Amino acid sequence: MTQQLTETAQWQALSKHREAFGDTHLRELFATDPQRAGRYTLNVGDLSVDFSKQLITDETLSLLLELAQARGVEPLRDAMFAGEKINVTEDRAVLHVALRAPRGASIEVDGENVVPGVHEVLDRMGVFAEKVRSGEWKGATGERIRNVVNIGIGGSDLGPAMAYEALKEYSRRDLTFRFVSNVDGADLYEATRDLAAAETLFVISSKTFTTVETITNATSAKQWVLEALGGDESAVAKHFVAVSTNAAEVSKFGIDTENMFGFWDWVGGRYSFDSAIGLSLMIAIGPERFGEMLAGFHTVDEHFRNTPLAQNVPALLGLLGVWYGSFFDAQTHAVLPYSHYLSRFSAYLQQLDMESNGKSVQRDGEPVAWQTGPIVWGTPGTNGQHAYYQLIHQGTKIIPADFIGFAEPVTAAADPRGAHHDMLTANFLAQTEALAFGKTKEEVEAEGTAAPIVPHRVFKGNHPTTTILAPKLTPSVLGQLVALYEHKVFTQGAIWNINSFDQWGVELGKVLAKKIEPELTADGTPLPDAHDSSTNALVAKYRELRGR
Ligand code: F6P
């Protein structure tokens, strides 16, 4: 059995170091080291990553790096890139990195190079996407497709939905794109109520093609199309395509497997939007831009794979998370993009991080005796500043945060007066400055503040942040950002010795929902007594309210 994390010499050294670190203030760390910003800023691809406003010293970093070494981050990383089955509970390789490997690269699973297959699917996607974009792909009544509705959930929704939102300005504005995930019928209803079925293509995205939310929504969408177009089943082939690993279920649903785009069991749902799961995104932005996005991912993959840990940006970000989670009791991690286009980015990262590292047993099934993944959250600045930043600045909790900003707006059209982007950026920079350095009692007093108000206006500062600055939000930069977080999550999973690639925690709720669903109906089902008294009573109340 691997040595327990907290018993390693490196962990104990970090514990001691934490005690010695005490309340060391960023004011002090910056004052004593004029080179701090330069020394603690690294570049990867187009991203400049400044972690100088983190509660660290050179000693912290070297102890964290020793920990990474001791916990085998590098061998596990190499095993991932080599196609080894590091998803031990599902006996699968973990090869999202193969999805963005260039044509001609070789990554083997069970002795077979998977890269040609990846490019074969990308090529088919490209041909199909161009047919839709050009109007060559017609609906059942001969109309061209003007609306694309992706139906999927979790990784089969969040990735394409986030990336579509992020890259909207690069998309075909004359086509409408919608993303339906929730089994609440309101989602599909709102997404389709103003669309003409004759001009609408549904992309049914589901790795397993058995996820009940997706199949329920897809079935309702099929009914919506058939009702609108006269009920001829042959319309399905023109209005539905599938993205899945399960050809049998796709064809059972009635979709021609000719119109199915496959991927593989070594692609986890939350790591999949750069696979065929990105089909709706590819239709939106076109194959070329999709390719640029993949190249962005690949740049960071190569960095993660080849850079020594001391300069390895995703590895360092992962180590910082370990530092705060276990040594500062941070429970959450905020990701605060200063780009309106990244409005879904934190929602996407929630699945990536929390479904990956929300675990409490180690790879061998032993319980962990240390903190694992944080609660990830955030919304774009500047909106958050007028809502919850108060708590980050003056509350009682420590909230490490990543601030993500861009030198240029995505489009000059979004800043015709030249007034917005500099203001956005000024806020982006001001927040991390304020969080780090705060405002002392003396400074508040010197402003002539009335004595009883002084404590209310003091900012203690010392709130840790990383600043990620990129030239502009492009497809490539988006790929780089996502890969950065993927490998950060990987690094943390390696340190904590958990399997970041399964998600058994979603199963129990699914099983219980299946059991409860028939109990809610009015077909003479007896009121349940098989649950706890709270659940029984809630089912009874629901039936009463529904008159059942
Ligand atoms: O929530 C569990 C989960 O399996 C996710 O990991 C996955 O992204 C999502 O459901 C959707 O699964 P599928 O693509 O198979 O429909």
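Going by the structure shown, is ASP265 touching a residue at least 60 places away in the same chain (Cβ under 8 Å), surrounded by fewer than 24 Cβ atoms within 10 Å (Cβ to Cβ) and either over 30 Å from LEU65 (Cβ atoms) or not β-branched (Val, Ile, Thr) (or both)?
Against the criterion (touching a residue at least 60 places away in the same chain (Cβ under 8 Å), surrounded by fewer than 24 Cβ atoms within 10 Å (Cβ to Cβ) and either over 30 Å from LEU65 (Cβ atoms) or not β-branched (Val, Ile, Thr) (or both)), ASP265 qualifies.
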Next on the checklist: Restricting to region 196-248, count the residues that are within 16 Å of the ligand (Cβ to nearest atom), in a helix (DSSP H, G or I) and either at pLDDT below 95 or of a type in the set (A, V, I, L, M) (or both).
Outcome noted: 6
Next on the checklist: Return the pair list, or none, for Cβ contacts closer than 6 Å from residues in region 144-161 that are in contact (Cβ under 8 Å) with a residue 60 or more places away in the chain to residues that are near the ligand (Cβ under 8 Å from one of its atoms) and basic (Lys, Arg), at least 6 apart or on different chains.
Outcome noted: GLY155/ARG270
Checklist entry - Can PHE490 be described as in contact with a helix residue (DSSP H, G or I) (Cβ under 9 Å, 6 or more places away or on another chain) and under 30 Å from GLY296 (Cβ atoms)? => result yes
Checklist outcome for this item: Selection from region 169-195 of residues assigned to a strand (DSSP E or B) and among the charged types (D, E, K, R) yields ARG178
Next on the checklist: So in region 451-476, with the set limited to residues that are of a type in the set (A, V, I, L, M, F, W, C) and surrounded by fewer than 22 Cβ atoms within 10 Å (Cβ to Cβ), which one is nearest to ARG27 (Cα to Cα)?
Outcome noted: PHE459
Checklist entry - What about LEU336, is it buried (at least 19 other Cβ atoms within 10 Å of the Cβ), farther than 30 Å from ARG133 by Cα and in contact with a Leu (Cβ under 6 Å, 6 or more places away or on another chain)? => result no
Item to check | Matching option when the condition is within 19 Å of GLY325 (Cβ to Cβ), surrounded by fewer than 21 Cβ atoms within 10 Å (Cβ to Cβ) and touching a residue at least 60 places away in the same chain (Cβ under 8 Å), among LEU55, LEU65, LEU14, LEU42 | outcome: LEU65
Item to check | Criterion violated by LEU63 - all others in (1) closer than 28 Å to GLY296 by Cα; (2) in a helix (DSSP H, G or I); (3) of a type outside the set (D, E, K, R) satisfied | outcome: (1)
Checklist entry - If you go through region 407-418 one residue at a time, do you hit one that is in contact with a Gly (Cβ under 8 Å, 6 or more places away or on another chain) and farther than 29 Å from GLY269 by Cβ? => result no
Checklist entry - Just checking, how many residues over region 88-106 are in contact (Cβ under 8 Å) with a residue 12 or more places away in the chain and surrounded by fewer than 20 Cβ atoms within 10 Å (Cβ to Cβ)? => result 6
Next on the checklist: Going residue by residue through region 24-31, is there one that turns out to be in contact (Cβ under 8 Å) with a residue 60 or more places away in the chain, outside any helix (DSSP H, G or I) and of a type in the set (A, V, I, L, M, F, W, C)?
Outcome noted: no
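Any idea which of GLY126, GLY142, GLY104 is farther than 30 Å from ASN87 by Cα and outside any helix (DSSP H, G or I)?
Going through GLY126, GLY142, GLY104 in turn, just one is farther than 30 Å from ASN87 by Cα and outside any helix (DSSP H, G or I): GLY142.
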Checklist outcome for this item: Checking ARG173, ARG133, ARG178 in turn, the sole residue that is more than 16 Å from the ligand (Cβ to nearest atom), more than 14 Å from PHE240 (Cα to Cα) and in contact with a strand residue (DSSP E or B) (Cβ under 9 Å, 6 or more places away or on another chain) turns out to be ARG178
Next on the checklist: For a quick check of your reading of the model, give me the residue pairs whose first member lies in region 185-201 and is over 22 Å from VAL132 (Cβ atoms), whose second is among the aliphatic types (A, V, I, L, M), with beta-carbon atoms closer than 6 Å and at least 6 apart or on different chains.
Outcome noted: ASP187/VAL180
Checklist entry - Mind checking which residues of region 491-529 are part of a loop (DSSP other than H, G, I, E, B) and surrounded by 10 or more Cβ atoms within 10 Å (Cβ to Cβ)? => result ASN497, ILE498, ASN499, SER500, PHE501, ASP502, GLN503, LEU520, THR521, THR525, LEU527, PRO528
Checklist entry - Can you spot a residue in region 321-331 that is surrounded by 23 or more Cβ atoms within 10 Å (Cβ to Cβ), modelled with pLDDT of 95 or more and within 17 Å of GLN480 (Cβ to Cβ)? => result no
Next on the checklist: Quick check on region 147-170: of everything there that is more than 12 Å from the ligand (Cβ to nearest atom) and among the charged types (D, E, K, R), which residue is surrounded by the most Cβ atoms within 10 Å (Cβ to Cβ)?
Outcome noted: GLU165
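The values are calculated or read from the model by the stated rules, or taken from the named source; none is laboratory data. Worth saying up front: this structure is predicted, and the values here are computed from it rather than measured. Cβ coordinates were reconstructed from backbone atoms using ideal geometry, including for glycine residues, and neighbour counts include every protein chain displayed.
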